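**Q** Let me give you the structure first, and then I'll get to my questions.
What follows is calculated from the coordinates using simple rules that are stated; it is not laboratory data. All values derive from a computational prediction rather than experimental measurement. So basically every Cβ, Gly included, is an ideal-geometry build from the backbone, and we count neighbours across all protein chains shown.
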Amino acid sequence: MKSTFFALLGLAAAFASAQDAAPPVDEIVAKANRMSYYQGQNGRAKVSMAIKDSQGRERTREFTILRMDLEPADATNDVFTGDQKMYVYFERPADVNKMAYLVYKHVDGRDDDRWLFMPGLNLVKRVAASDKRTSFVGSDFFYEDVSGRSP
């Protein structure tokens, strides 16, 4: 019985000291805000996105995302905090082939500039800042999700 008591007491002391070692809340929030920027230098990603409707039918979109950083990332933590340009080019399926989405991401407080090119209509449509939280190509993602968020 005494050994169980001392084991629990030791465990409680270890837990209390582990809580003391936790970083302060403002440090955690600052790190989370930094992570909302894309990490590293310029980037490229091939993406396959499956979209299911309410009847369970599935559509797939395949696209490439290119990101260009307009100034160097912070050398101390490899987090880019300057303006960025994003280019999303759709390859599949045929109904979205050659569709493109371009974003000029500002970090100085101005709204980001967003455009969508629809080749079937030969139309370039500016995506209004108020529409950044609307559906991206019929998915559950928003335009803002694809082009990054500013902390």
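**Q** Given +1 on the Cβ of Lys and Arg, -1 on the Cβ of Asp and Glu, and no further charges, what dipole in debye does the range 36-147 carry about its Cα centre, rounded to the nearest 20?
**A** 500 debye
**Q** Okay, next question. Run the numbers for ARG133 and ASP26: contour at 0.36 nm per residue of separation, minus the present Cα-Cα distance, in nm.
**A** Values: separation 107, 0.36 × 107 = 38.52 nm, distance 2.72 nm.
Net length gain for the segment: 35.8 nm.
**Q** LYS46: which aspartates and glutamates have alpha carbons under 12 Å from its alpha carbon, excluding same-chain residues fewer than 8 sequence positions away?
**A** Reachable aspartates and glutamates: GLU62, GLU91.
**Q** Something else: Out of residues 5 or more away from VAL137 or on other chains, whose amide H comes under 5 Å of its own, with H placed 1.01 Å from N in the peptide plane?
**A** Amide H neighbours of VAL137: none.
**Q** Take the Cα of ASN42, step 7 Å along the line toward its Cβ, and report every residue of the range 86-107 whose backbone nitrogen sits under 14 Å from that point.
**A** 86-87
**Q** Provide the gained length on full extension for the span GLU62 to LYS85, in nm with one decimal, where the gain is 0.36 nm per separating residue minus the Cα-Cα distance. Working shown, then result.
**A** Details: separation 23, 0.36 × 23 = 8.28 nm, distance 2.00 nm.
Separation in residues times 0.36 nm, less the Cα-Cα distance, equals 6.3 nm.
**Q** Shifting gears a bit: Can you give me the long-range amide H partners of MET99? Hydrogens built in the peptide plane at 1.01 Å from N, cutoff under 5 Å, separation of 5 or more residues or another chain.
**A** Residues meeting the amide H criterion: PHE90.
**Q** Once you have a ≥ b ≥ c as the square roots of the Cα gyration tensor eigenvalues for the range 36-147, tell me rounded if a/c is under 1.5, and otherwise prolate or oblate according to whether a/b is larger than b/c.
**A** Values: a/c = 1.91, a/b = 1.65, b/c = 1.15.
Verdict is prolate for the range 36-147.
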